[in-house]
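Reading through the structure tokens given below for one structure.
The values are calculated or read from the model by the stated rules, or taken from the named source; none is laboratory data. Because the structure is predicted, anything quoted here is derived from the model rather than measured. Cβ sites come from the backbone with ideal geometry, for glycine too, and all protein chains shown count toward neighbours.
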Amino acid sequence: MSGTDIAFFLLALAAIAGAVMMLQLTNVVHMVLSLVMTFLAIAGLYVLLSAEFVAVVQVLIYSGAITIIMLFAIMLTRHHADDKERQTTGGVGHKAAAAFAVLAFGLAVYAGIRTLDFGADGSALPADNAKAIGQWLYSYYTIPFEIVSVLLLVALIGAIVLAKKDGKGAEDE
Amino acid sequence: MTLSAYLALSLILFCIGLYGALTKRNTVIVLICIELMLNAVNINFVAFAKYGPHPSVHGHVFALFAIAVAAAEAAVGLAALIAFYRNRKTVRVDEANSLKH
């Protein structure tokens, strides 16, 4: 067992542990913080996959920006800290049906990927992948790149419009 | 490491996210579960970029696009959550039923 295998198993364990803790905890802030562990472990997996640039972006966007915006949304809304309150939408039957459906999906996909192997050893990737990504982004992927900037602008304006107090509601209060 | 190990890990994370999105009652947690599912898909992109039939950085570029779209989705989803909370004074998914009756 090489060092890469050990690192993979440790990071995979951390990722799955964070996700399972997210399902099990009751405090909303603890749920978000346990998912930060998953996001950081996934960033480590990107490093193992020789995608250092994506790993840094993962830490910046997921562990940084998205976690902070989720914590802000939690703080701006009221959450009951009552542990006895129901955490799930339905009863036992609903949960069992959801678990069965997810398990069936997982087993079906696992049957397909279990023996999947293309024989590539991963040595064909360029060592300086940040430079290669930049060159592809500004040559082959120029139009998708520009469209993503428009998408981010639309999301920014849309978020402001949605979260803004509308005139009628403000008068009612 | 083999490709199928990364794909299996990604499948496990996707299933956990899907189960949480289907059963959790808090809207913030449902949004976070969707982010977890998008993350699992990103692992697939990057794993295929290294171990796929044509190894190249195209998978990395697609993962970056997916991250950008996920960030936009989180911003709009949380803005919708704030608007919902202002109107109904709750963040529970099962109480968002105005269209049902």
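As for the stretch A:123-133, it holds at least one residue that is out of contact with any helix residue (DSSP H, G or I) (no Cβ under 7 Å at 6 or more places or on another chain), surrounded by 14 or more Cβ atoms within 10 Å (Cβ to Cβ) and of a type outside the set (Phe, Trp, Tyr).
Total residues in the stretch B:75-100 satisfying the condition of being assigned to a loop (DSSP other than H, G, I, E, B) and facing another protein chain (nearest Cβ under 7 Å): the figure is 1.
When every residue of the stretch A:42-49 is checked against the conditions, at least one turns out to be more than 23 Å from residue B:25 (Cα to Cα), of a type in the set (Phe, Trp, Tyr) and in the same structural domain as residue A:72 (by TED's automatic domain parsing). Based on what the data block shows, is residue A:14 within 9 Å of another protein chain (Cβ to nearest Cβ), surrounded by 15 or more Cβ atoms within 10 Å (Cβ to Cβ) and within 17 Å of residue B:15 (Cα to Cα)? Answer is no for this residue. Just one of the numbered conditions (1) modelled with pLDDT under 90; (2) facing chain B (nearest Cβ under 7 Å) is not true of residue A:92; which one? Failed condition: (2). Put simply, of B:63, B:40 the only residue that is closer than 19 Å to residue A:130 by Cβ, surrounded by 22 or more Cβ atoms within 10 Å (Cβ to Cβ) and modelled with pLDDT of 90 or more is B:63. Restricting attention to the stretch A:35-81, the residues being over 21 Å from residue B:42 (Cα atoms) and either in a helix (DSSP H, G or I) or not polar (S, T, N, Q) (or both) number 10.
State which residue pairs qualify: first residue of a type outside the set (Phe, Trp, Tyr) and inside the stretch A:2-28, second residue modelled with pLDDT under 90 and loosely packed, with under 12 Cβ neighbours inside 10 Å in any location, beta carbons under 6 Å apart, and separation of 6 or more residues or different chains. So the pair list comes out as A:26/A:83.
Is it true that some residue in the stretch A:62-80 is more than 23 Å from residue B:64 (Cα to Cα), more than 7 Å from chain B (Cβ to nearest Cβ), under 15 Å from the mean Cα position of the chain (by Cα) and not aliphatic (A, V, I, L, M)? Scanning the stretch A:62-80, I find no residue that is more than 23 Å from residue B:64 (Cα to Cα), more than 7 Å from chain B (Cβ to nearest Cβ), under 15 Å from the mean Cα position of the chain (by Cα) and not aliphatic (A, V, I, L, M), so the answer is no. For the stretch A:138-170, the set of residues classified as farther than 30 Å from residue B:84 by Cβ and at pLDDT below 90 is empty.
Take residue B:64 and tell me if it is within 7 Å of chain A (Cβ to nearest Cβ) and in contact with a Ser or Thr (Cβ under 9 Å, 6 or more places away or on another chain). For residue B:64, the condition - within 7 Å of chain A (Cβ to nearest Cβ) and in contact with a Ser or Thr (Cβ under 9 Å, 6 or more places away or on another chain) - is not met.
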